[in-house]
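The values are calculated or read from the model by the stated rules, or taken from the named source; none is laboratory data. The shown structure was predicted, so the numbers you read here are calculated from the model rather than taken from an experiment. Backbone-built Cβ (ideal geometry, glycine too); neighbour counts: all protein chains shown.
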Amino acid sequence: MVKKLLLGLLALFALLIAVVAVNTLRKGSRQLDVPSLSVLAVDEAGAAQRLGEAVRLQTISSRDDAKLNADQFRQFHALLEKRFPKVHATLKREIVADLSLLYTWEGSNPAAPAIALLAHQDVVPIAPGTESDWQETPFSGDIKAGYVWGRGSWDDKGNLMSQLEAAEALLASGYKPERTLYLAYGADEEVGGTRGAAKIAALLKERKVRLDFVIDEGLLVLDGILPGLTKPAAMIGVAEKGYLSVVLKMSATPGHSSMPPKKAPAQLP
C-alpha cells in the first residue's frame, strides 16, 4: 500500500514537471525587445563638482526642531538656483512649509496626466565621536577615485541633483514636456516627512492634482554584484513599507540599510 502511494506521488510529481516544461516551451519569454537608447553626452566632472558642493552643506533634519540647520537648507536652495539657472527661469518654484521645495514644469498638453519625481534635501547626522572613523571627512564633498565623498552624496542629494541636471540639460536642448512634471524635494524625509512630503501632497490634493505615477528615491543599478548577471540591472521597488523607530548603538563598517552585509556582528555592545 505504501509502495503504491509513493509511486502515485512520484507519478504526480513527474506529471507536474512535464506540465511546467511544456508550458515553459509554449509560452516563451515575455521580455520586451526594446532598442537601446543612444548615450547622452554628460558633463560628468561638472555634475560631480556640483554634487560635491551640495554635500558640503550640512542639511541635517531634526524630528523635534523644524528650524535646525535652516541656514544650511537655505544655502542649499541658493546653490540650486545658481547652478541650475534654466530650471529656475522656466519652472515654477514654491517653498512649502518653510524649507521644502516644489517645482512645477508645465506640460504642453493639459489633458495629459501629470507625474512627480521625488527626492529629499536632508541627511542624517554624524554620530558624535565617530568622525575619525570616516575614510573621508563626513561632509567633505571631495571627488576621489571616481566617487563624490560625503554624507548625502548617495542618500539622497545624488538623486535630487541628477534630476535637476537632467532638467537643465533638457531645457538647454529646447525640450518641452507634453505632461506636467512636479519635482518635490522634502526637507525632513529622514525624520518622517510630515513637514515636507506630507505638506506637498496635501497642497497638490488641494489643487486637485491627480498624478499618473510617482517616482521616489528608488533602488540601485547593479553592475557586477549579483552572480550570473553580466549586464547592469536596475532594481525596481514597488512595495510600500511601514517603519519602526528604535535606538541601536553599535560600531561596524559603514554602509546602507538597503544592502546589509552577509554576516552581522557577533555581539552588540
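Table for the structure above
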{"item": "Whichever residue in region 105-125 is among the small types (Gly, Ala, Ser) and over 25 Å from GLY193 (Cα atoms) and, among such residues, is surrounded by the most Cβ atoms within 10 Å (Cβ to Cβ)", "result": "GLY107"}
{"item": "Some residue of region 123-143 being without any contact (Cβ under 8 Å) to a residue 60 or more places away in the chain, in a helix (DSSP H, G or I) and polar (S, T, N, Q)", "result": "yes"}
{"item": "Residues satisfying the stated conditions in region 179-202, i.e. under 19 Å from ARG93 (Cα atoms) and assigned to a loop (DSSP other than H, G, I, E, B)", "result": "ARG179, THR180, ALA187, ASP188, ARG195, GLY196"}
{"item": "Enumeration of residues in region 111-122 that are of a type outside the set (A, V, I, L, M, F, W, C) and either closer than 20 Å to GLY218 by Cβ or without any contact (Cβ under 8 Å) to a residue 24 or more places away in the chain (or both)", "result": "HIS120, GLN121, ASP122"}
{"item": "Scope region 208-250; condition in contact (Cβ under 8 Å) with a residue 60 or more places away in the chain, surrounded by 11 or more Cβ atoms within 10 Å (Cβ to Cβ) and in a loop (DSSP other than H, G, I, E, B); matching residues", "result": "VAL209, ASP216, GLU217"}
{"item": "Candidate set from region 152-202 (those that are aliphatic (A, V, I, L, M), in contact (Cβ under 8 Å) with a residue 40 or more places away in the chain and over 28 Å from MET259 (Cβ atoms)); member that is surrounded by the fewest Cβ atoms within 10 Å (Cβ to Cβ)", "result": "ALA172"}
{"item": "Helices (runs of 4 or more DSSP H) fully within region 1-98 counting 1 or more residues that are in contact (Cβ under 8 Å) with a residue 40 or more places away in the chain", "result": "44-56, 70-83, 85-90"}
{"item": "Yes/no for LYS205 being crowded, with 16+ Cβ neighbours inside 10 Å, in a helix (DSSP H, G or I), among the charged types (D, E, K, R) and modelled with pLDDT of 95 or more", "result": "no"}
